[in-house]
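Worksheet for the structure shown next.
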């Protein structure tokens, strides 16, 4: 060990103690420190390499490596070009200021006092210059690389074929060119200001500028140098004034009767526009005066010119427009603003795709006096869906989960499937992997054993069985039913948020049935191969999981799957798209495909008003469901198109992008930037086309705009008398907007039902109905995407959703029934309040579910129906319709489980059985209690009904406890009572 010692200070002119010397670290210590330093640097380098390498491997695995390389090289190019420009601008001006320094003999006392600073940096001035230029270059380059989208849109921009009404320029100038010009202008300002500051400091340090010394404040060289930089700054300001003229066409501002106004108003066209032109001319003259100091060597004229420019900006650019607004516009606002409002109306309707909306006056009251004649018309008007996909997920979970490590999404989806040659609205969900339900959590189980979900579960949307449960058309494990044969394993899904390592030595749990647990090894080519040790090391670093590097569970054939949610995969492959918040599954050509709607957007469409996507796409469902993403939270746009339909294979993870809007210039621009990433629309198979639909988020944006832009008359728009609003969802207490609903229905001008997306609108600040809106959501029809608006008369009051819900709750017999249904610890849940146009009036239908205390999942118990002032609250939709219309409809074949002879919905199947005597006894008691409750309901004996419900809960609780005791906690519910067990509820 080296001897380290210290020498005590000599306080009396000589040594006062033993002399101890400070020794240098030994060679071994220096070597160790150097080694640690090298290892630290190598670790940092490998960490950065790991992130880059894993990204490259992932893009290559999904066959979209061109997206990675195009984006990467664009960022690198922008980084080096603009970083170098910034470094040169600052470095050159520092060098030039140093070269122009005056001789030491000419320096004042103030400058001679700075000599020690000059002497201090003299040995390092080259390194200091390089360090400063490198720092500003790195910052500028990093900032510029973030503008890769702006660059690609500018260099690949495609014409819109439409011109703005003010400057007669193609819309592409505002959408693609102007953002890039503004970036260049901002970069120029930043470079000029930094160069000016650096030059001024250098001149001051070396005597070119003086602050306190008498005499001239600057040398002639410093004056000329700084004047040129100031002239460049003012010249850039002139360019900014010129671009501001075009910026008026996409400028947002507050305006009467609108939340956000975009485009020129009267004051913009007649005050701001000429003011910007005048200020541009003044700025050009002022810049020339600064450049003239190279010959005049005085700042007198440039300073006067700059002061006049500032004063002009205040008077011409600020005060004059305010005077015009006050004395010309306000006294006659409607007449002055009407031409500009008309331009805004036209541009906004075009930009959001609502220009072809069809507005029809609708009476809102039945035109046929004898309502019994309308009973059969209901079936033609709509396939009324009484299975609410946003309520019945717990029912799917309880009856079809099968194992705890499976789960369904909080909100199921609505799709169409053909049965007996007829399209049928179907509620569908995937049995996805639920990591919280894995019996024993550890690294092997989480990432090697439990890797995928299994199967589709689907039910008819228009019916329920006798117990209030869904009528399943695809169920059990493995799933079987009407969907035929398909690959059922779900490796990619909305709940699959972590990585899995598959295909290697470790077998996966496939599914379990009566014969025991089945194992499986992934056979697809998805993911990244981990056989390469470099890949394993990179992923060990990228995922902060060292076990990936040395685990024996990884071997030949092992592949790592990640970025597994449909939204993540499409966003990564097409970062230039805005992704819809709700991907939905469909069985297509023997595979489970996630269908993802994607949008192209811009906020540079002239005269079109802006909206914030995060606000307009939020509703009562997004507020209560964390897994339902809200599209682009704070993304402001004023142009949107559903230009791409994407699919993600649930087994292989394969992503395909299809061109849906073949006319969209924004999509064409991105297809030029990223060639061969989007397939033509003709590649969409017929089976896939049958499951495509109009996207909810786009419709929510459009309905929000339609609350104001359904009118075409500028005077009406300015008055605000026709402003509508999206009503709050009356079926819950969140206070959020009612979501739109998918429903097969027929609008008055249609000959047959089409799959549609519907919503209601109310007057601003009131609860009665203003309009019913439906868009054709079936791409197999000719008028797909056409928005139809039934406008209710303002002279009469038609009840809106909130008022209809209040009428339901206020009727004494209905309120009493609901009170009894809530007996014990049961909960009543209201389903979607559907609205259907019928014979000039509006039919409202709402399913009512009861979540019994022991059941933990909702079952359909009642159906509310109202039409023309008549309301019914019955056990089935048919009974409620019969009561409202005073007649019976054409008999239909009852779903399985209903008594075809009585029509009362009594069970014909035997009660559920169990090998456990205690469980069987409890199930028998539950069956008896259920039958007693049904009998009490028929006789309106509410006291007996309440007692039967209590007995039912007790029996079910007893059965559940006995079954849990028998299973010994095996999965805590992995042995589901199955669909039949729910009958007793």
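The values are calculated or read from the model by the stated rules, or taken from the named source; none is laboratory data. What you are looking at is a predicted structure, and each value in this text was computed from that prediction instead of being measured. So basically every Cβ, Gly included, is an ideal-geometry build from the backbone, and we count neighbours across all protein chains shown.
Of the residues screened, residue 716 is not one that is out of contact with any helix residue (DSSP H, G or I) (no Cβ under 6 Å at 6 or more places or on another chain), buried (at least 21 other Cβ atoms within 10 Å of the Cβ) and either outside the structural domain of residue 840 (by TED's automatic domain parsing) or not in a loop (DSSP other than H, G, I, E, B) (or both). Among the conditions (1) at pLDDT below 90; (2) outside any helix (DSSP H, G or I), the only one that residue 373 does not satisfy is (2).
A count restricted to the range 787-811 and to residues that are at pLDDT 85 or above, in a helix (DSSP H, G or I) and surrounded by fewer than 15 Cβ atoms within 10 Å (Cβ to Cβ) stands at 1.
With respect to the conditions (1) touching a strand residue (DSSP E or B) at 6+ places or on another chain (Cβ under 8 Å); (2) part of a loop (DSSP other than H, G, I, E, B); (3) under 30 Å from residue 742 (Cβ atoms), residue 451 lacks only one, and its number is (3). Residue 117 meets all of the listed conditions (1) modelled with pLDDT of 90 or more; (2) touching a helix residue (DSSP H, G or I) at 6+ places or on another chain (Cβ under 8 Å); (3) more than 28 Å from residue 232 (Cβ to Cβ) but one, namely (1).
Could you grab me the full set of residues in the range 615-659 that are in a helix (DSSP H, G or I) and at pLDDT 85 or above? Selection gives 616 alone. One residue alone among 155, 239, 234, 136 is buried (at least 17 other Cβ atoms within 10 Å of the Cβ) and closer than 26 Å to residue 605 by Cβ, and that residue is 239.
The residues of the range 543-562 that are touching a helix residue (DSSP H, G or I) at 6+ places or on another chain (Cβ under 7 Å), in contact (Cβ under 8 Å) with a residue 60 or more places away in the chain and surrounded by 20 or more Cβ atoms within 10 Å (Cβ to Cβ) amount to a single one, 560.
Of all the criteria given as (1) in a loop (DSSP other than H, G, I, E, B); (2) modelled with pLDDT under 90, the one not satisfied by residue 693 is (2).
Residue-wise test of (1) free of Cβ contacts under 8 Å to residues at least 24 places away in the same chain; (2) outside the structural domain of residue 801 (by TED's automatic domain parsing); (3) closer than 23 Å to residue 778 by Cα; (4) touching a strand residue (DSSP E or B) at 6+ places or on another chain (Cβ under 8 Å).
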| residue | (1), (2), (3), (4) |
| --- | --- |
| 657 | no, yes, yes, yes |
| 667 | no, yes, yes, yes |
| 670 | no, yes, no, yes |
| 674 | no, yes, no, no |
| 681 | yes, yes, yes, yes |
| 684 | no, yes, yes, yes |
| 698 | no, yes, yes, yes |
| 703 | no, yes, yes, yes |
| 721 | yes, no, no, no |
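What residue, of 278, 316, 285, is assigned to a helix (DSSP H, G or I), in contact with a helix residue (DSSP H, G or I) (Cβ under 6 Å, 6 or more places away or on another chain), assigned by TED's automatic domain parsing to the domain that holds residue 233 and within 15 Å of residue 235 (Cα to Cα)? Unique residue meeting the criteria: 278. Just one residue in the set 521, 515 is at pLDDT below 90, farther than 30 Å from residue 149 by Cα and surrounded by fewer than 20 Cβ atoms within 10 Å (Cβ to Cβ); that residue is 515.
Here the condition is being in a helix (DSSP H, G or I), exposed (fewer than 15 other Cβ atoms within 10 Å of the Cβ) and either modelled with pLDDT under 95 or not assigned by TED's automatic domain parsing to the domain that holds residue 652 (or both); of 73, 56, it holds for 73 alone. The helices (runs of 4 or more DSSP H) found wholly in the range 510-582 and carrying at least 2 residues that are over 30 Å from residue 410 (Cβ atoms) and not assigned by TED's automatic domain parsing to the domain that holds residue 404 occupy 533-542, 547-550.
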